[in-house]
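Worksheet: one structure, shown below.
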Amino acid sequence: MEDFWVFALWALKTWLCLLIGLIMVPAMFGFSLGISEAYMNILVKTLEWATLNIQKVTDERTLKPSASNGLIQREDGSMEKELEELRSSRPKPPVGGDFALSDCFYFTRKGIESIVEDEVTQRFTSEELVSWNLLTRTNNDFQYISLKLTLVYGIGIFVRYCILAPLRITLAFIGLSWLVIGTSAVGLLPNWRMKFWLSEWVHVMCYRICARGLSATIRYHNRENKPQKGGICVANHTSPIDIVILCNDGCYAMVGQVHGGLIGVLQRAMVRSCPHVWFERAEMKDRHLVTKRLTDHVNDKEKLPILIFPEGTCVNNTSVMMFKKGSFEIGATIYPVAIKYDPNVGDAFWNSSKHSMVNYLLRMMTSWALVCNVWYLPVMHQQEGEDAVQFANRVKSAIARRGGLVDLQWDGGLKRSQPKVWFKEEQQKQYSSMVVGDDSSSHSD
């Protein structure tokens with residue numbers, strides 16, 4: 001029995017030494033030994049081989065239709081443009097505006113399309129894939145294709161759950177523990193330049209360890225546009241991991257509500273060394289207080305840029321939904337950032353209505369990897385005569401274009417709540433004007 005415990009202790013020491021020497025130390029100082037790159041090359045070649053095998057089978061037999069193609073083939077353009085083209089192809093009625101009885105067919109079709117496949121609900125479900133990525137979380141799930149593919153799938157389960165998952169959980173535990181210990185220790189120092197430098201170094205180092213714990217491959221573009229102190233960084237939001245992705249390349253001041261439990265421990269430790277902006281639940285409802293604290297922060301050019309996700313909820317990385325206007329009302333310099341994940345190696349979207357935080361993190365740690373592109377966009381300022389809503393929409397459109405995402409006007413809050421009365425009335429007015437069309441002939445009589 002003693003021999004067993006001696007062997008177990010030796011194995012644990014060896015495991016920790018390899019973990020620290022091959023992963024943690026390179027992550028702490030921002031360089032790589034090439035292990036992650038080699039793993040990604042093997043993974044890409046394996047998935048390409050699996051895709052070719054699946055395509056061969058699909059040539060011989062018809063698989064069930066994939067939801068990734070959508071139930072409805074929508075035409076590009078707005079309803080207004082479609083209706084205008086439809087009405088231009090027929091003679092204009094002498095009275096009663098542009099409306100004709102045949103328009104009912106068009107509005108009925110659009111209504112059925114919206115019910116079957118609306119633009120809001122599908123943004124809160126995982127992005128479906130064209131080809132199976134050997135994970136039982138995509139549209140096709142596991143299906144027997146061939147013996148070779150089944151063996152590879154089985155080996156993949158062993159690798160993900162028996163090798164990668166323990167490694168990633170260990171790294172996440174070390175990263176979060178070091179974040180609490182490091183920030184608490186730095187918080188004891190006097191407010192000198194050295195304290196702020198150490199605080200940024202500890203934050204970035206811990207986030208890099210956590211990123212390695214997800215086998216994250218992150219490509220940063222246009223680094224000359226990185227957010228600077230005294231500004232606000234705004235980005236599209238897919239999951240809590242967005243914070244790890246961005247802070248892997250620089251330090252930010254976080255904004256959010258005070259929590260309890262593990263998140264509360266992290267918040268209290270982080271704020272000791274860095275001026276993050278945490279609000280109590282009651283304070284979040286006081287817009288004037290929130291605006292004042294954000295304004296005070298950005299006016300201090302020595303403080304870190306604030307990181308905000310204006311959508312207010314996680315979207316499945318296929319689109320960008322309405323930005324809340326709060327962060328655009330204080331007249332600060334805005335640094336837009338576009339984040340786009342590759343769903344072929346792992347689904348980064350957090351469906352908080354379906355999965356708890358712990359369940360989501362376990363799913364991420366048993367995925368193949370995390371591949372992400374981050375684009376730093378040129379700095380943006382509020383233009384003369386432009387209100388906060390228009391400024392927010394302009395920034396949102398720029399992020400959507402750069403990230404290759406769909407630009408939607410819908411509020412992400414519809415994920416959990418009913419539309420507001422004023423929003424319904426606006427939609428009704430817009431719909432009424434489309435139904436009637438140009439009624440100038442009736443007014444001229």
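The values are calculated or read from the model by the stated rules, or taken from the named source; none is laboratory data. No experiment lies behind these values; they were computed from the predicted model shown. Cβ sites come from the backbone with ideal geometry, for glycine too, and all protein chains shown count toward neighbours. Surface areas here come from the heavy atoms of the whole protein model, side chains and all, with no ligands, DNA or RNA. Shrake-Rupley method; radii C 1.70, N 1.55, O 1.52, S 1.80 Å.
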Of all residues being within 16 Å of Gln55 (Cα to Cα) and open to solvent by less than 40 Å² (accessible area, probe 1.4 Å) in the range 124-138, which is modelled with the lowest pLDDT? Just the residue, please. Ser131
Would you say Thr333 is touching a strand residue (DSSP E or B) at 6+ places or on another chain (Cβ under 8 Å), hydroxyl-bearing (Ser, Thr, Tyr), closer than 30 Å to Trp197 by Cα and surrounded by fewer than 21 Cβ atoms within 10 Å (Cβ to Cβ)? yes
With criteria (1) within 27 Å of the chain's Cα centre (by Cα); (2) exposed (fewer than 13 other Cβ atoms within 10 Å of the Cβ), Tyr39 comes up short on (2)
All-but-one check, Lys324 against (1) over 28 Å from Lys424 (Cα atoms); (2) in a loop (DSSP other than H, G, I, E, B); (3) touching a Gly at 6+ places or on another chain (Cβ under 8 Å), failing number (1)
Of (1) within 16 Å of Ile218 (Cβ to Cβ); (2) touching a Ser or Thr at 6+ places or on another chain (Cβ under 8 Å); (3) outside any loop (DSSP other than H, G, I, E, B), Gly413 satisfies every one except (1)
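So, Tyr220, is that one farther than 30 Å from Val44 by Cα and open to solvent by less than 60 Å² (accessible area, probe 1.4 Å) or not?
No, not satisfied.
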Restricting the range 202-250 to residues that are within 18 Å of Met380 (Cβ to Cβ) and in a helix (DSSP H, G or I), the one farthest from the chain's Cα centre (by Cα) turns out to be Glu224
Has the range 283-293 got any residue that is crowded, with 16+ Cβ neighbours inside 10 Å, under 30 Å from Arg193 (Cβ atoms) and of a type in the set (A, V, I, L, M)? yes
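So that you can scan it fast, the table gives a plain yes or no per residue for (1) outside any helix (DSSP H, G or I); (2) open to solvent by 40 Å² or more (accessible area, probe 1.4 Å); (3) in contact (Cβ under 8 Å) with a residue 40 or more places away in the chain:
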site	(1), (2), (3)
Ala348	yes, no, yes
Lys354	yes, yes, no
Tyr360	no, no, yes
Met364	no, no, yes
Trp368	yes, no, yes
Gln383	yes, yes, no
Val389	no, yes, yes
Asn393	no, yes, yes
Arg401	no, yes, no
